[in-house]
1. By its C-alpha gyration tensor, with a ≥ b ≥ c as the square roots of the eigenvalues, how is region 20-226 shaped: rounded for a/c under 1.5, else prolate for a/b larger than b/c, else oblate?
2. Highest mean first, how do 503-509, 479-485 rank when packing is the count of other Cβ atoms within 10 Å averaged over residues?
3. DSSP loop GluC sites (Glu not before Pro) in region 582-633 with at most 13 other Cβ atoms within 10 Å of their Cβ, which ones?
4. Taking the mean number of other Cβ atoms within 10 Å as a proxy for protection, how do you rank 105-111, 468-474 from highest to lowest?
5. If you take every DSSP beta bridge fully contained in the chain, what fraction is antiparallel? Give it as a percent rounded to 5.
6. Excluding same-chain residues fewer than 8 positions from Lys62, which lysines have a Cα within less than 21 Å of its Cα?
7. What does the C-alpha gyration tensor say about the overall shape of region 247-343? Classify as rounded when a/c is under 1.5, otherwise prolate if a/b is larger than b/c, or oblate.
8. Which aspartates and glutamates have a Cα lying under 14 Å from the Cα of Lys628, excluding residues fewer than 8 positions away in the same chain?
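None of the figures in this text is laboratory data; all of them are computed from the coordinates on show. Bear in mind the structure is a predicted one, so any value in this text is a computation, not a measurement. Here the Cβ is made from the backbone with ideal geometry for all residues, glycine too, and neighbour counts use every protein chain on show.
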Amino acid sequence: MKSLIALSLIFIWTGNLYAQNPDAVLSKDHKIDSSKVILPHESYKRINQVITQIFSNYHYRKQPINDSLSSVIFDDYFKTLDNNKLYFLASDVESFAKYHDQFDNFLLEGKLEIPFKIFNIFKQRVNERIQFVIKILKTEFDFSVNEYYVPDRTNSPWAKTEDELNELWRLRLKNDALNLIISGKDWKGSAEILAKRYQNFHKIILQYEAEDVFSLFMNSYTRTYDPHSDYFSPAASTNFNIAMKLSLEGIGATLRSENDYTIVASIVPGGPAHKSGLLKEEDKIVGVAQGDNGEFVDIIGWRLDDAIQLIRGKKGTVVRLKIIKAKDNLNSPPKEIRIIRDEVKLEEQAAKSEILNIQENGSNFKIGVVKIPSFYIDFEAQRTGKQNFKSTTRDVKEILEKFKQEKVDGVIIDLRNNGGGSLQEAITLTGLLIKQGPVVQVKSTNNIIEINQDPDPSITYDGPLAVMINRFSASASEIFSAAIQDYGRGIVLGENTFGKGTVQNLIDLNRTIPVKDKTLGQIKLTVAKFYRISGGSTQNRGVKPDIEYPSPYSHEDFGESSMPAALPWDQIQPANYSKFGDLSKFIDRLKKKHDERIKNDPEFQIVMDEINEFIYNRDKKEFSLNEKVRREERDLAESRKKKRDEERAKLSSIKVKEKSEVQTQTSSISDYELRETGKILADLILAKVG
């Protein structure tokens, strides 16, 4: 078994960064039978026991399988099936309460009858809910009544009676219908859309087979260890392997699920969505249509993997999406976008550069900007000995040499929305900016600490440096920015990073469990943790910038620290390293100038208005079901957005006019954070000279 764990830690997997659960992945030939009772396959007993053994022995978190863990698995399994508590009755949950402290025994003994029985009850409850939906949609709702809908029921009690559950569903359907009516549908059209929406969901649940249910239960177990350890069914394993090779044909986005909505977690650099510019992080996908003439399928309420299957498709085909933009409220009418599916190519993820011209304190500064969308490397070309294989470090080194020829005054490394990639590239990239020394420490399950060093004693660029990060910067991005900060090599600006400081390895169950005539899946296991050279972990807390920019995301709502069972922050002994410089003495002065500058900056006020509205919409707990009130809310939100757009367009036209003779790209003119970073770096240059 030990040989299975001794895999390379060279690649930091971040595809599961946003809690994308590998639940059931359905094949197209599944049969629909509403009365079918699903039973576990006899092979699952052995598979279950081996998975349990591997996790208990080799996962980074040494977690005993006992009654306490059983309780967590019990609750998570019900939550997995019915997160918003809209299907099960309290009596259903109570009927299984006697097994609350026995799930640990089920795992150890490979007994799956009770988890499967719970799923079959859930399937029955889904049947009942669909019948209620069809019945209630026969009568139009009264939208003049002052009622309220609370979408998030995760912390609410289970409904005690069927009448109580019916009332929750009545309010839910009324809210759904009101959203459609406000977006321009009449009652008949709204009722038809909602009936089809829930019938489609019903159909998906009816297609679940034994392997799908087994996956759901096993991941309720694996999630108790940490959010990045998973069991992949054979179908999910195939999809995962495709994604790891970056040859996935689709739109190039990772998705997550929240409160019935499929949300864009990140945009893959170089993918179709990224190149189109039509889809952004936190946008909600509410409908999917195939080709230019296909009918839209409403995916609100769908499970994440089922939505992914619909969005994915062959290279060259068209998918149309209906989206609610991240900054819009749920009353806003969805926008339709068109994307041509394609493969994500490595060369399209390459680092890009531009020159930013900054005027500060009467001086002109030429700032080189390097945008790094991911830490990439062509492993295959490197393995076969090709001389000029593609890599982040090679590309950035070439850019830095070019910047030196152009005599830039400073350099900005932009790691915003960079979700990670190759650990080795994070190390060698750091090496371009320091002379020598450690970059990151890795602590394994057996408490062995490996210190990864910069392999090159030379330094490519030793001038003024700033690193930009945000909440979507993770893993390898955090290793690089933490090293730059610890060495005092550059100033780090932006938002607190994601906080993903763990390493996962893949284990192929086909190599460990011989099962005749059956293909098995894989498990992804957390086996190590990253630590800064100063000793603190990047896990959970991430990297805190030296100067923080306003952010719509809090650690309670987004990031590693918001995830259940996330491994905690801790620290080990610092590595032996010599600081490049001491920038701490400049931070207070730079922050003071930054605060003074943004105080009366009109674009900063626009940014803050957008952030405040985003937070208000995100934190809103209940929604009026009165049509007049909702329309007024929608009109007010659209009026504010129109005003912001007009003000921003006016500011942008002024800046374009002012800088028409300077080599500043238009993208930078509209990027407030990047320009402010350039000003802070200019302030640092002036402070060091003074």
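1. Prolate is the answer for region 20-226, as a/c is 1.5 or above and a/b outweighs b/c.
2. 479-485, 503-509
3. Loop-located and lightly packed - Glu622.
4. 468-474, 105-111
5. 75 percent
6. Lys2, Lys443, Lys500, Lys524, Lys529
7. In terms of gyration-tensor shape, rounded.
8. Hits, sequence-local ones excluded: Asp142, Glu147.
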